[in-house]
Amino acid sequence: ATVIPSQYASHSPSHLKEGRGSLLLRLVNMRDDVIIGFFRKGLNTSQEVATFQDPVPVAVTEKVRFRNWNEPLQGHLALTRDPTEMILVWVTWDATAPEARWGRKHGKLTHHKKASSSTYTAKDMCGPPATDFGYRDAGMLHQVTMDNLIPGAQYYYIFGDATSGWSEEFNFTAAPLPGPNTTTRAVVYGDLGCGHQDGTMQVIRQQPASLNTTRLVQNRLNVTDLVLHIGDISYARGFASVWDVFFDQIQPIATRVPYMVCIGNHERDWPNTGSFYGVNDSFGECGVPHERRFPMPRPSLDQPWYGFDYGSVHFVVMSTEHNFT
């Protein structure tokens, strides 16, 4: 299932006056077809999770098909503990020969490396809605560790494969060597969530103010070395399609600077699964989408504590959702 975006027809100025109108919708490629419908009645948005109460369909479109389900999307970078390395992750439908290419000069990508690929399914998670009506295929998650980097040097890169196509060219700056004389500029926040960039609503509450945050961070990328997003990442809460919306929103940031994260209650907590708080705040995800999509330099899965150096700062990241005793 998909968290279905919706919009009131009255947002078109001519709808109430003339009985006709138009809305501009931004569709995120979720590796599937899209059908757009016109409904009367039935949408109740007064609760945390909106409900459809006997909506009446008036008309639906034919299937809208994305040109390329294997378009390489959702690129994001992460640090290891080694300043000569940078992790890159992206998503496709089922590409079979994914790789990353990178180099020191624009358009001259002299290094390449095959990606490892993985995914997760409803069986890997812990309960509803993540395991039933909130679930949809996560696609294939591809990961490459770009290595032999020169600390502090700028690199250009692309990702994808020769059959299904390549991403646009992005660039990043490798981490500097640790030392007391290096300036480190980090943007740190938590509880971001995501919002639909076309202003549409969704059946689980979104965070439209997050669009202001990511827009401001984008405008400061030239003076930002890394981002730390500490807890409550996408607020998917068991609805897998929200992760697609979230990564679409942060891609302009996370393809330029390392995007380091720590798990929060809305990613991890679920009764009898090892979380410190026995509540259902993850809505059945129990940490699985977060950990599979964000390969941090942690000891292993479900051990979300790690440290790393960036210039003059040693960062320590620890989950408060786990029992350390």
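The values are calculated or read from the model by the stated rules, or taken from the named source; none is laboratory data. It should be emphasised that the depicted structure is a prediction, and the values quoted were computed from it without experimental measurement. Quick reminder, even Gly has a Cβ in these numbers, built from the backbone with ideal geometry, and neighbours come from all protein chains shown. Heads up: the accessible areas ignore ligands, DNA and RNA and are worked out on the full protein's heavy atoms, side chains in. Shrake-Rupley method; radii C 1.70, N 1.55, O 1.52, S 1.80 Å.
Here are the numbers for this structure:
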item: Some residue of the stretch 1-9 being open to solvent by 70 Å² or more (accessible area, probe 1.4 Å) and at pLDDT below 90; result: yes
item: Number of positions in the stretch 161-192 that are over 20 Å from residue 253 (Cβ atoms) and not in a loop (DSSP other than H, G, I, E, B); result: 3
item: Residue list for the stretch 168-189, filter: under 30 Å from residue 125 (Cα atoms) and either open to solvent by less than 30 Å² (accessible area, probe 1.4 Å) or of a type in the set (Ser, Thr, Tyr) (or both); result: 189
item: Candidates 304, 297 - the one that is farther than 25 Å from residue 130 by Cα, open to solvent by less than 20 Å² (accessible area, probe 1.4 Å) and out of contact with any helix residue (DSSP H, G or I) (no Cβ under 6 Å at 6 or more places or on another chain); result: 297
item: Selected residue [assigned to a loop (DSSP other than H, G, I, E, B) and touching a Pro at 6+ places or on another chain (Cβ under 6 Å)] from 199, 195; result: 195
item: Complete set of residues in the stretch 67-83 that are of a type in the set (S, T, N, Q) and either within 15 Å of residue 163 (Cα to Cα) or open to solvent by 20 Å² or more (accessible area, probe 1.4 Å) (or both); result: 68, 70, 80
item: Residues of the stretch 252-263 classified as open to solvent by 10 Å² or more (accessible area, probe 1.4 Å) and in a helix (DSSP H, G or I), total; result: 1
item: Filter pass, residue 134 being open to solvent by less than 30 Å² (accessible area, probe 1.4 Å), touching a strand residue (DSSP E or B) at 6+ places or on another chain (Cβ under 9 Å) and closer than 28 Å to residue 238 by Cβ; result: yes
item: Members of the stretch 264-280 that are open to solvent by 10 Å² or more (accessible area, probe 1.4 Å) and either touching a residue at least 24 places away in the same chain (Cβ under 8 Å) or assigned to a helix (DSSP H, G or I) (or both); result: 265, 266, 270, 273, 274, 275, 276, 277, 280
item: Test for residue 249: is it assigned to a helix (DSSP H, G or I) and buried (at least 22 other Cβ atoms within 10 Å of the Cβ); result: yes
